[in-house]
Structures are given as structure tokens and as C-alpha cells.
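Single-structure report; data block below.
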Amino acid sequence: SQQGEEDPQALSIQEGENATMNCSYKTSINNLQWYRQNSGRGLVHLILIRSNEREKHSGRLRVTLDTSKKSSSLLITASRAADTASYFCATAPGNTGKLIFGQGTTLQVKP
Amino acid sequence: DGGITQSPKYLFRKEGQNVTLSCEQNLNHDAMYWYRQDPGQGLRLIYYSQIVNDFQKGDIAEGYSVSREKKESFPLTVTSAQKNPTAFYLCASSIDSPRGANVLTFGAGSRLTVL
């Protein structure tokens, strides 16, 4: 079962532009996380936002969470070619320990 | 350096053979996980373990088996019963938080190809 669904599936932008990815989920959550995956590598944790938070920043990353709409967005500002990767949202349904990942958004940043 | 080590990085298997993927962590994390990733897809949970000598099935456990005899180790066996085992396998670990704020640390992955 997929708890999170990302949109769009693929995104191609020019260096310097902003990139926005969206994630929708189905059940109540305590927090939502975003991860990044470079091609053929493991995932790296980017940011966690708790259910009582609406917005969180980390460097060039801005994450928002709307629990009423069961959705989150990840904004990468002033993108760089090195930001080219796949980005996944992940949630833990209820109070279970297991983390469920969405299908991911593949971002290509052209130099 | 603390982290998760997966081996082998690449593995080829003939149909009908069992193979075991290794996952070792030195982060002193309680919880460990195995995910499967198919090309262009997200991650699907195979098994997870929150404590030594205990583990739970994820969404796609059929054809796989695990053990958790030591805190540091969580090997995954892909059995001959797994009908389509060719995939990228990712191991992860986390501090087990009762409120579910489990931030995962991932290994570099093992790519299994069935010939």
C-alpha cells in the first residue's frame, strides 16, 4: 500500500529556478519526512515536519504541511545541477514504526 | 564513521537459488528495515525489526525471510519462492521512537539480478 503519492512524477527545470514537489497521503500522521535519492544510491534524509507544524525551512529547502488536506510540498529554491535526484515523501501511518514511501518525483536541473 | 554497510553491492543469481543480502549498522539503532525498489518506482517495505529477536512483515514479505539475532545485523534472504526478485534492495535503520518520528539512515543498496 502506498501512503504517500508525489506529484509531479518528473520535473525538469533550469539552474536557478525553483522546484516544487507535492505529496498527498491517506491516513493521520505524526510527522512527514522528505528524502533524496541520487541515481543508484541509498536515500538521504532531508527534513521532517511534525503534524503540529505548518512550515519548516532548512537551507534552500522549504516544506509545508496541510493536515486538513493531507498534503505536503517541498520547495527547492535557486536550484543547482547537483540537486538532480529523486525526492520521496514518507509517513508512518498511525503510531506504527514503519515508514511508508511515495513513488517519488524525479527532478532534473539543467545547467 | 558510523553508518550502514550493505553487501554485496551487485549480486547475480540463477533461478531457483536462495541468496542472502547482508546489512550491518554501527549506529546503535534499535530498528532496522528492508525495502525493495523497482526501476522508476518508490520503496516498498519487505520486513522491519524494532528489537532483537523480533521482526514484522511489511507489505511485500512473500518470498523473503529475515533474522535479527544481533542488534547490528539484519540479513535478508531472497528465496526461490520470490517470483520476481530482480530489484534494488535497500536496508535502513533508525532509533525506534514510540511516537513514530523514525528518521531512517540508509545503506548504499544491493542490486540483485536473476539470470
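Here, each number is a calculation from the coordinates, and none is a lab measurement. Model, not experiment: these values are computed from the prediction. Virtual Cβ from ideal backbone geometry, glycine too; neighbours counted across all protein chains shown.
Report whether or not A:G102 is surrounded by 13 or more Cβ atoms within 10 Å (Cβ to Cβ), in contact with a Phe, Trp or Tyr (Cβ under 9 Å, 6 or more places away or on another chain) and without any contact (Cβ under 8 Å) to a residue 24 or more places away in the chain.
In short, no.
Does A:L65 count as in contact with a helix residue (DSSP H, G or I) (Cβ under 9 Å, 6 or more places away or on another chain) and among the hydrophobic types (A, V, I, L, M, F, W, C)?
No: the conditions fail for A:L65.
Restricting attention to the range B:43-64, and to residues there that are surrounded by fewer than 22 Cβ atoms within 10 Å (Cβ to Cβ) and of a type in the set (G, A, S), which single residue is nearest to the other protein chains (Cβ to nearest Cβ)?
B:G58
The conditions are (1) within 13 Å of the chain's Cα centre (by Cα); (2) touching a residue at least 24 places away in the same chain (Cβ under 8 Å), and A:K56 fails exactly one of them. Which is it?
Of the numbered conditions (1) within 13 Å of the chain's Cα centre (by Cα); (2) touching a residue at least 24 places away in the same chain (Cβ under 8 Å), the odd one out for A:K56 is (2).
Going by the conditions given, is B:S110 small (G, A, S), surrounded by 18 or more Cβ atoms within 10 Å (Cβ to Cβ) and touching a Lys or Arg at 6+ places or on another chain (Cβ under 8 Å)?
Taking the combined requirement at face value, the residue satisfies it.
For the range A:1-21, name all the residues that are in contact (Cβ under 8 Å) with a residue 60 or more places away in the chain, surrounded by fewer than 22 Cβ atoms within 10 Å (Cβ to Cβ) and outside any loop (DSSP other than H, G, I, E, B).
Scanning the range A:1-21 gives A:E5, A:D7, A:A10, A:L11, A:S12, A:I13, A:Q14, A:A19.
Within the range B:1-21, take every residue that is hydroxyl-bearing (S, T, Y) and in contact (Cβ under 8 Å) with a residue 60 or more places away in the chain and give me the one that is farthest from B:G63 (Cα to Cα).
Across the range B:1-21, the extreme among qualifying residues is B:T5.
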